[in-house]
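In what follows, a structure is listed as structure tokens, so that the remarks can point back to it.
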Amino acid sequence: MLESLIQTIAVAALPVIFAITLHEAAHGYAARYFGDPTAWQMGRISLNPLRHIDLVGTIIIPASILLFSGGTFLFGYAKPVPVDFGRLRNPKKDMLWVALAGPGANLFMALCWALMLKLAWLMPSNDFTLPLSEMSKIGIIVNCVLMVLNLIPLPPLDGGRVAVSLLPHHLAWKFARIEPWGFPILLLLLFTGILGAVMNPLVIFAARAIESIFGLY
């Protein structure tokens, strides 16, 4: 049992680290494009995962959750990329695209892992095809989980930023005030099972849709 979990963690390490860290890098790239160079000035606009890894959030917490959940659940985070929304050319409008960049990166990575899975199935069987196949399956699910999770309209998640961008000014200001309570609310939803009940169908739908594109049945 323990050996199986260790193998799961070893196979999951690469897709998990890239899913979490490149999500943050995408925010930095989008922010710079729309006028905020804060992340760039701090050296945080990089595709190098080492620039974004948080020892606790990117390694210890995901590994622990995978271990204690028997490989059935995952949660983690990277060092947040600093974004000064006030420096964007059109703060309220551009906030939408900066926020969507992270989930967009996860969607792109899920598609890439689906392509890798298809290639693993097409290649002659060897010592690498099975690990690649298992890694790709995890990559698809992990990125779908992070995409769906971050699109929940709860500040400070990306979906919360999207909601603030789309709401009228007077409502956006009031909604943004929820942010200090966002993470406690998220934990409450997690431990009461509400978060899983909401997310699981959406994650499964997203994963199946991506797999159907590449004929992964």
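The values are calculated or read from the model by the stated rules, or taken from the named source; none is laboratory data. Every value quoted in this text rests on a predicted model; they were computed, and no experiment measured them. Backbone-built Cβ (ideal geometry, glycine too); neighbour counts: all protein chains shown.
Being farther than 15 Å from E24 by Cα, modelled with pLDDT of 90 or more and not β-branched (V, I, T) holds for only one residue in L117, L107, and it is L117.
Which one is surrounded by the fewest Cβ atoms within 10 Å (Cβ to Cβ), of the residues in the stretch 168-183 that are assigned to a loop (DSSP other than H, G, I, E, B) and within 24 Å of the chain's Cα centre (by Cα)? Top of the filtered list is R177. Taking the criterion of being part of a helix (DSSP H, G or I) and either farther than 24 Å from I140 by Cβ or touching a Ser or Thr at 6+ places or on another chain (Cβ under 9 Å) (or both), the residues of the stretch 190-217 that qualify are F191, I194. Just give me the residues in the stretch 102-116 being surrounded by 22 or more Cβ atoms within 10 Å (Cβ to Cβ) and over 16 Å from L14 (Cα atoms), in sequence order. Selection gives G102, P103. Which ones in the stretch 129-140 are crowded, with 21+ Cβ neighbours inside 10 Å and of a type in the set (V, I, T)? Residues satisfying the conditions are I138, I140.
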